[in-house]
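Every number in this text was worked out from the coordinates using simple rules, so none of it is lab data. Quick caveat: nothing in here was measured; it's all calculated off a predicted structure. Methodologically, a virtual Cβ is constructed for each residue, glycine included, from the backbone with ideal geometry; neighbour enumeration extends over all protein chains shown.
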Amino acid sequence: MSIAVDSNAGARPAWADEAVALLRRLMRNRLTAAGLVVIGLLVLLALLAPWLAPADPLRQDLARALLPPGPGHWFGTDEFGRDVLSRLLHGTRITLFIVVLVTVVVGPLGMAVGVVAGYFGGRVDAVLMRLTDMVLSFPSLILALAFVAAMGPGLDHAVLAIALTAWPPIARLSRAEALTLRQSDFIVVAQLQGASNTRVLLKHLVPLCLPSVLVRLTMNMASVVLTAAGLGFLGLGAQPPLPEWGAMISEGRRYMLDSWWLVAAPGAAILAVSTAFNLLGDGLNDALDPRQNT
Amino acid sequence: MSARPLLRGVAGIATSLLGLLVLTFLIGRVMPLDPVLAIVGPDADRSTYEQVHRQLGLDQPLAVQFGRYLLSLAHGDLGQALLTGNPVARDLVRVLPATAELATLAMLIGVLLGVPLGVLAATHHGRWPDHLARVLGLLGHSTPVFWFGMMGLLVFYAWLGWAGGIGRIGLAFEGNVPTVTGLLLLDAALAGDAPAWRSALRHLLLPAAVLGLHSMAYLSRMTRAFMLAQLSQEYITTARVKGLTERQVVWGHAFRNIRVQLLTIVALAYGGLLEGAVLTETVFGWPGFGSYLTGSLLLGDMNAVMGSVLVIGVLFVSLNLLTDALYRVFDPRAAA
């Protein structure tokens with residue numbers, strides 16, 4: 001067990017050094033680096049979308065409907081004459097919004113359930129894990145569909161539905177970590193010193209579970225992107241005229257045979273983003289798990 | 001097997017099923033969407049509303065409602081579907097064979113391509129078959145299946161004219177094949193109708209290939225990992241030293257030892273196909289469970305939605321249990 005000593009107070013904090021070291025290790029793998037670059041680009045595009053987009057993503061111009069890709073409209077126009085490239089660019093914001101929101105809900109929720117179950121054990125564990133298994137016993141997309149059906153379609157509801165179905169793996173993972181940790185000496189020492197359960201959970205268990213949970217959350221982001229796009233495609237996620245990529249595919253479907261770009265472009269965007277998240281997740285997993293370094 | 005693990009297994013199944021029921025019940029009854037409004041519409045007056053409210057038993061305590069729900073389920077009653085006017089249970093029996101046919105062919109494609117690819121990647125670790133498997137695995141994991149299906153339709157149906165397009169069979173054959181099993185390929189073969197069989201196959205291949213890509217990606221990845229673990233062990237070195245051919249070493253020794261693991265993975269992947277089927281069927285107008293579910297969803301037909309979700313949940317749980325059981329049967333170490 002290593003002891004953290006704050007000898008370099010005033011200098012860069014230890015976590016910053018670690019983050020830089022991790023980033024350097026990630027960039028060494030070319031595929032992971034590619035994933036990181038695409039995600040960085042996604043964030044950048046989302047931030048700058050209003051300035052980068054050549055046109056208003058919602059402005060209709062029926063005289064210029066269904067134009068093929070070409071100068072002026074690099075990705076063509078849709079059935080209302082809206083510029084597809086501008087819609088794609090603004091769509092990055094929705095995609096990021098979904099990914100971030102789902103992750104922010106799922107991480108703490110899953111970790112709370114898992115750490116509490118693993119630390120207290122016994123009945124608490126049995127009840128919480130039963131609950132987890134209950135949710136896991138449905139394919140996640142189908143359960144998300146059921147939630148959206150009950151709540152009504154919409155972007156917020158889609159996010160909530162995805163979050164409600166995505167926490168069990170995180171709970172399982174943090175429970176396993178908490179189970180192995182709760183017997184260790186430093187936890188027992190903390191308890192003997194009179195630390196409350198809340199303190200042990202928040203100050204000792206949660207920080208130690210965090211790295212593996214973060215890796216798992218990153219690996220999960222690709223499937224969040226895909227599920228959100230699927231819900232949008234089924235007409236249950238973001239509603240028109242919002243330029244959500246799945247919804248754009250759904251709208252473009254009717255014109256697909258003549259205007260293939262309406263479907264091809266948003267789909268390629270989804271593919272690029274989910275590939276990037278998968279690459280980053282795999283890379284993080286390899287970098288943080290030395291056992292897999294073969 | 002002694003009685004205790006068996007008992008625990010039965011208790012596990014019972015609680016899983018009860019969990020499924022509670023969850024579907026809660027989603028169906030407690031969520032904000034008002035089931036009365038779905039039936040009477042927003043323009044109904046107060047007395048009609050309350051009458052329907054009472055008829056549905058919604059004025060009763062939740063526990064009573066749940067009891068009634070269980071009771072009707074015990075009679076195989078999932079309620080009436082608004083869309084078709086039929087009992088949901090009968091609708092599901094009608095649509096599930098179409099999904100089973102699609103998912104089974106997809107699984108076959110996934111296994112026949114994914115497993116050899118995984119083995120090849122493991123035996124050529126770090127060389128081009130390995131990279132190929134990795135790229136395919138990554139794409140299979142990252143591609144939105146509904147988009148892939150639409151691009152497939154665009155290329156193979158609209159541009160090349162190879163695939164059959166929307167639906168299960170050509171319009172000319174629609175309704176001509178007598179339903180025996182509900183599996184159209186099998187029914188056409190039983191009827192001895194070769195043109196209908198060919199038309200059905202042409203319609204089935206593209207959606208099955210699209211759906212199968214995902215399982216192929218998953219299976220090749222897992223096969224590769226399993227094989228790599230085996231190939232690094234000492235008995236493999238022994239076999240090589242003994243002078244066995246590479247083929248005997250790979251297929252006769254290493255592959256033999258991963259068969260049980262593979263079997264469980266295949267069963268799990270089959271469950272994943274049920275999920276992919278929802279989106280794929282919507283794209284291909286495939287009249288199976290997925291189209292039924294999404295159609296009901298868009299109409300707000302909660303009976304049909306919850307019935308479908310429950311049935312899928314039960315199928316999913318049974319698949320997992322079956323996997324567990326297979327593992328015990330085939331791996332003597334797990335039975336202890």
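The string of couplings for region B:62-70 from the Karplus curve (6.51, -1.76, 1.60, θ = phi - 60°) is 4, 4, 5, 4, 5, x, 5, 4, 4 Hz, one whole number per residue in order, with x for Gly and Pro.
Per the Cauchy relation, a quarter of the hull surface: what is the mean projected area of the convex hull of the alpha carbons in region B:179-336, in nm²? So the mean shadow area of the Cα hull is 13.4 nm². Region B:216-244 and region A:59-129 have Cα centres spaced 40 Å apart.
Size descriptors for region A:173-294: radius of gyration and Dmax over Cα atoms are 21.8, 73 Å.
Scattering from chain A was approximated by placing one identical point on each alpha carbon and applying the Debye formula without solvent; log10 I(q)/I(0) at 0.16 1/Å stands at -1.26.
List the trypsin sites (Lys or Arg not before Pro) in region A:54-111 that DSSP assigns to loop (not H, G, I, E or B) and whose Cβ has at most 14 other Cβ atoms within 10 Å. Which are they?
A:R59
For chain B, treating each Cα as an identical point scatterer without solvent, what Debye log10 I(q)/I(0) comes out at q = 0.12, 0.13 1/Å? The computed values of log10 I(q)/I(0) come out as -1.02, -1.12.
With contacts taken as Cα pairs under 8 Å at a separation of at least 6 residues, chain A carries a relative contact order of 23 percent. For region B:69-93 versus region A:213-234, the inter-centroid distance based on Cα atoms is 33 Å. Compared with the dominant principal axis of the Cα atoms in chain B, helix B:256-284 is inclined by about 40°. Once the gyration tensor of the Cα atoms in region A:10-65 is diagonalised, the equivalent ellipsoid follows with semi-axes of 39, 16, 6 Å, ordered largest first.
Across chain B, the mean sequence separation of Cα contacts (distance under 8 Å, 6 or more residues apart), normalised by length, yields a relative contact order of 25 percent.
Tell me which DSSP H helices of chain A clear both cut-offs, 24 Å or more of axial length from alpha-carbon atoms and a mean Kyte-Doolittle hydropathy of at least 0.5.
For chain A, where a helix must reach 24 Å along its axis and average at least 0.5, the hits are A:30-52, A:84-120, A:155-181, A:206-233, A:261-288.
How fast does the protein assembly as shown diffuse by Stokes-Einstein, in µm²/s, taking the Kirkwood radius from C-alpha pairs at 37 °C and 0.692 mPa s?
121 µm²/s
Every pair of different Cα atoms in region B:44-140 enters the Kirkwood calculation, which places the hydrodynamic radius at 18.5 Å. The loop-placed trypsin sites (Lys or Arg not before Pro) in region B:224-287, going by DSSP, that have at most 11 neighbouring Cβ atoms within 10 Å of their Cβ come out as B:K242.
Taking every C-alpha pair closer than 8 Å and separated by at least 6 residues, the mean separation divided by the residue count of region A:100-223 gives a relative contact order of 38 percent.
On the beta carbon distance between A:N29 and B:H53, with R0 = 51 Å, the FRET formula returns roughly 0.25.
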